[in-house]
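Peer 1: I am attaching a structure below and will ask some questions about it afterwards.
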Amino acid sequence: MSEPLGRGATGEGADVVLLAVPDAAIADAAAMIGPGPMVGHLSGATTLEPLHGHRAFSLHPVMTITGAETDFAGAPAAVAGVGDEEIAMAEHIAHLMAMETFRVADDDRVAYHAACSMASNFVVTLEGLATEMAKSAGVQRRMLAPLARAAIENWVEKGAAAALTGPIARGDDAVVLRQREAVAARLPEGLETFDALARSTRRLACSREIARDAGMEGEGPHAGGTHGG
């Protein structure tokens, strides 16, 4: 395996070329590669179309990459290829880094990548807003970390509805209103996000209640006695 090559590389002499470029540059970078080697990209949202004419594959690690020290072991990776040999190459590269592979249909690529962005980028943005609110109260970011970690772990283990806690889940609207007033006063640029997330959280809490009620149907006349408010 050779060292990373710079812009304009042709891949001459290589058996496999993996393009680590922005999505918009994939087609141009692929056009520089001569015939022969397999050519892959690392995009989550892009199909194999920009690699047309090559023995194409793609490999998208479902992992945040912040530097050379990133550990991919145990991370999932979406793979695709124009044929069995190309898919096998994508899986081989993933397995070399101890990643677990899965496949996403072309029509689902953008939806899949949106889910990745929501699960990673948007979470960081939200924690940034939480950090600013905590700072306004003299509380350090690290004090929120156990709460954030526990919420993520509960989501992984139980799913979103079952993991939901807090005043909205409890129906404590008075507390939520006071929180909103505090956000409006101390972090007005975050108020729109707070309102949008509060609405989404209410829908999630409602879906949980509906599912809970549906699960009690047919359990007999005493089933309702265990349904707390």
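Peer 1: Can you give me the number of residues within region 63-96 that are in contact (Cβ under 8 Å) with a residue 40 or more places away in the chain and of a type in the set (A, V, I, L, M, F, W, C)?
Peer 2: Total satisfying the criteria: 3.
Peer 1: Can you confirm whether Phe122 is assigned to a helix (DSSP H, G or I) and either modelled with pLDDT of 95 or more or open to solvent by 100 Å² or more (accessible area, probe 1.4 Å) (or both)?
Peer 2: yes
Peer 1: Next up: Where in region 1-113 are there strands (runs of 3 or more DSSP E), lying wholly inside it, with at least 3 residues that are open to solvent by less than 80 Å² (accessible area, probe 1.4 Å)?
Peer 2: Values: elements: 16-19, 38-41, 55-61, 76-81, 100-103.
Here the list reads 16-19, 38-41, 55-61, 76-81.
Peer 1: Among helices (runs of 4 or more DSSP H) lying entirely in region 143-229, which contain 3 or more residues that are modelled with pLDDT of 95 or more and open to solvent by 40 Å² or more (accessible area, probe 1.4 Å)?
Peer 2: Helices (runs of 4 or more DSSP H) meeting the threshold: 145-158, 173-186, 191-216.
The values are calculated or read from the model by the stated rules, or taken from the named source; none is laboratory data. Please read all numbers here as calculations on a predicted model, not as lab measurements. Positions of Cβ are generated from backbone atoms using ideal geometry, with glycine treated the same way; all protein chains shown enter the neighbour counts. The accessibility values were calculated without ligands, DNA or RNA, using every heavy atom of the protein model including side chains. Shrake-Rupley method; radii C 1.70, N 1.55, O 1.52, S 1.80 Å.
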